[in-house]
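Report on the structure given below.
The values are calculated or read from the model by the stated rules, or taken from the named source; none is laboratory data. Just so it is clear, the model here is predicted, and its values are computed rather than measured. Note: ideal-geometry Cβ built from the backbone for every residue, glycine included; neighbour counts use all protein chains shown. The area values use the complete protein model at the heavy-atom level, side chains included, leaving out ligands, DNA and RNA. Shrake-Rupley method; radii C 1.70, N 1.55, O 1.52, S 1.80 Å.
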Amino acid sequence: GIATIEKHVSDASLSGKNIISLLTKHIAELFERKVRGAIPPGETMMNKKAKAKLDVAAEDAIRSFGFSPKKTVTIDGLIEGLDCHVDIMLARFEMLLGNVLRGAETKLKGFGTFDSVISAGSIMKMKCVERMMDRLYPRASVWRGENANDVPLDEAVAIGCARYGSSLLGMNLPVEDNNEEEEEEPILVEEEVPLCPIGIGLCLQEGDPAAVVMIENKAPLPALCTKLVDITGISNNCIHLVQINEKGEEKVVGRIENFDSSAKEAEVTAELTVEGKLRVSVNGGPSCTI
């Protein structure tokens, strides 16, 4: 099929950069309030290195707010040897976004009605944004990447641009000049890589088999996998990390504890290196090496 753009609108005040800037400033204010007297007010945002670290932390926090009402930001040596360790609440962030969301809603009202709406970007996972989209387009089918085989929201734009660029390259290949020497075709070289001797999975109920397979047995190393895990029915507020051998036998190698009781999902990332080190992180937080 062919897709054409009938109408578009852009506003720098509603951009992702502006949203990250709002949260960056909020984190800096929380940090300076916590270390009151150690540095002058506003010094954190004026320091380029500190602000760059805060921007990364803010972007990571926005990614987490799609499935968690709270995000703990930890930055070692943020400025003048002071460590940053503050908690950001989703409710407070939604208040900061009030003007942005109202501006976005005003812009979107001018487009009329739609049969289908595609959401893209981590910000679209937040409940306040979902409510706004449902309010604007009550009869439209809103795609939010909720099914297992869907493209993740935070990767939708990048994947779409890559596929579009690939189609352009395929359609607009340069005309060959017969007078020029033909270029040699690239030679594909096979390279042996180590394979994972075990599988890594997550057990949601103590004593039950692994409900989620993170890294499959015989997967090429290094292996990296991130999955959204339903934590509504876990026992003792923890998930067991298990290794699975070729016979399917499981052995508990670690536990992930202290999930937010109000959260329904958690983003779990598992990485197995060539050296056999397993790194696990939850909701974009610091990784633990096993």
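Below 8 Å between Cα atoms, with a sequence gap of 6+, how large is the relative contact order for the chain in percent?
Reported relative contact order: 12 percent.
How far apart, in nm, are the 7 Å Cα→Cβ label points at Glu216 and Asp76?
Taking the two extended label points, one gets 3.6 nm.
In whole percent, and with a 1.4 Å probe on the protein chains, what portion of the accessible area of the chain is carbon and sulfur?
Solvent-exposed carbon and sulfur of the chain make up 52 percent of the total.
Give the separation of the Cα centroids, region 39-99 to region 191-264, in Å.
Region 39-99 and region 191-264 have Cα centres separated by 30 Å.
Can you report the principal axis dimensions of the chain using only the alpha carbons, biggest first, rounded to whole angstrom?
61, 57, 46
What per residue convex hull volume, in Å³, do the alpha-carbon atoms of region 188-255 yield?
Hull volume over Cα atoms, normalised by residue count, gives 96 Å³.
For Met46 and Ser116, calculate 0.36 nm times their separation in residues minus their Cα-Cα distance, and state this gained length in nm to one decimal.
20.8 nm
Using only the alpha-carbon atoms of region 224-273 as identical scatterers, what base-10 log of I(q)/I(0) does the Debye formula give at q = 0.24 Å⁻¹?
-1.03
Take the chain, mark every one of the chymotrypsin sites (Phe, Trp or Tyr not before Pro) that falls in a DSSP loop and has at most 14 other Cβ within 10 Å, then report the longest stretch left between them, sites excluded.
The longest uninterrupted stretch comes out as 115-290.
Take each of the peptides 125-133, 248-256, average the number of other beta-carbon atoms within 10 Å over its residues, and list them starting from the highest.
Per-residue mean Cβ counts within 10 Å order the peptides as 125-133, 248-256.
Please give the per residue accessible area of the chain, computed with a probe of 1.4 Å over protein heavy atoms only, in Å².
On a per-residue basis, 67 Å².
List the DSSP H helices in the chain whose Cα atoms stretch 18 Å or more along the helix axis and whose mean Kyte-Doolittle hydropathy is at least -1.0.
Length and hydropathy pass: 16-34, 48-64, 153-171.
Any idea how far apart Cys238 and Lys109 come out in nm if each label point goes 7 Å out from Cα toward Cβ?
The answer from the label model is 5.2 nm.
Efficiency by 1/(1 + (r/R0)^6): what FRET value for Ser15 and Lys264, r their Cβ-Cβ distance, R0 = 30 Å, to the nearest 0.05?
FRET efficiency, Ser15 to Lys264: 0.55.
If each DSSP helix of 4+ residues adds -39,500 (n - 2.57) and the sum is divided by the residues in the chain, what number results at 222 nm, nearest 500 deg cm²/dmol?
Per the formula, -9500 deg cm²/dmol.
Skipping prolines and chain starts, which residues have an amide H placed within reach, meaning under 5 Å, of the one on Ile231, given they are 5 or more residues away or on another chain?
Under 5 Å from the amide H of Ile231 lie the amide H atoms of Glu265, Ala266, each far enough along the sequence or on another chain.
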